[in-house]
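Read through the structure below, which is laid out as structure tokens, and then see the notes.
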Amino acid sequence: MGRERSRSGETDAKAGAVVDQLTSLTRLVGLFRREFATRVLAEDWVVESGVRPPTYGLLRVVAHRGPISQREVSELIGVHPTDLVEVIDRAEQAGWVRRDRDPADRRRHQLTLTDRGRAALCRYDAIAAEAEDAVLAPLTPTERERLRALVAKVVDAHGERS
């Protein structure tokens with residue numbers, strides 16, 4: 001009986017450790033998102049443009065995979081297609097993306113990054129780097145690189161690299 005409890009306790013401890021690790025990853029993402037959002041909202045050029053938080057993901061995906069359909073962007077950044085329309089509308093109004101009919105399927109739109117969009121993306125990238133530096137401040141440069149390499153390995157294994 002004591003042995004069964006011991007094994008059960010070990011199993012519970014292992015399960016708890018896995019949950020804690022997953023929770024830690026989720027918390028790390030949350031820390032970055034909050035830090036990034038705080039820094040973005042402090043930028044007058046972002047506030048004046050009226051864009052919403054998913055805009056950075058939109059610009060990154062379109063820059064790396066464009067021309068790309070709105071549906072593909074939606075799947076890659078995890079924003080529902082109907083919610084993404086407003087994000088695209090505002091990015092288009094700001095002159096950051098261009099929306100054209102897909103010549104292969106006139107029902108679909110393809111998104112392309114404009115020169116102004118590339119400039120905005122560079123500014124967003126700088127803010128993201130600052131937010132990352134702030135969140136990862138407790139780590140040494142070697143630890144940061146190891147973390148990036150491990151995360152890239154997991155993401156690559158799931159085919160989600162953009």
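At-a-glance table
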{"quantity": "Neighbour cut-off at most 12 other Cβ (10 Å), DSSP loop, GluC sites (Glu not before Pro), region 119-162", "calculated": "Glu160"}
{"quantity": "Length gained when the stretch Arg52-His158 is fully extended (0.36 nm per residue, less Cα-Cα span)", "calculated": "35.4 nm"}
{"quantity": "Cα-based shape type of region 116-162, given that a ≥ b ≥ c are square roots of the gyration tensor eigenvalues and the cut on a/c is 1.5", "calculated": "oblate"}
{"quantity": "Anisotropy class of region 59-162 from Cα gyration tensor, a/c 1.5 cut", "calculated": "prolate"}
{"quantity": "Accessible surface ranking that places the most exposed of His64, His158 first, with a 1.4 angstrom probe", "calculated": "His158, His64"}
{"quantity": "Simple label model, 7 Å out from Cα along Cβ direction - Asp125 to Glu75, nm", "calculated": "2.6 nm"}
{"quantity": "Square roots of 5 times each gyration tensor eigenvalue, C-alpha, region 76-118, largest first, Å", "calculated": "17, 15, 9"}
{"quantity": "Förster-model FRET efficiency, 35 Å R0, Thr82 and Thr140, C-beta, rounded to 0.05", "calculated": "0.20"}
{"quantity": "Inter-probe distance in nm under a simple model that places probes 7 Å from Cα toward Cβ, at Asp44 and Asp115", "calculated": "2.4 nm"}
{"quantity": "Average accessible area per residue (Å²) across region 114-161 - probe 1.4 Å, nucleic acids and ligands excluded", "calculated": "70 Å²"}
{"quantity": "Protein accessible area in region 41-162, 1.4 Å probe - carbon and sulfur %", "calculated": "51 percent"}
{"quantity": "Spin-label pair Leu28/Arg99, simplified geometry with 7 Å Cα→Cβ offset, distance in nm", "calculated": "3.6 nm"}
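The values are calculated or read from the model by the stated rules, or taken from the named source; none is laboratory data. Predicted model, so just to flag it, every value in this text is computed and none were measured. For neighbour counting, all protein chains shown are included, and Cβ atoms are generated from backbone atoms with ideal geometry for every residue, glycine included. Note: areas computed on protein heavy atoms with side chains; ligands, DNA, RNA excluded. Shrake-Rupley method; radii C 1.70, N 1.55, O 1.52, S 1.80 Å.
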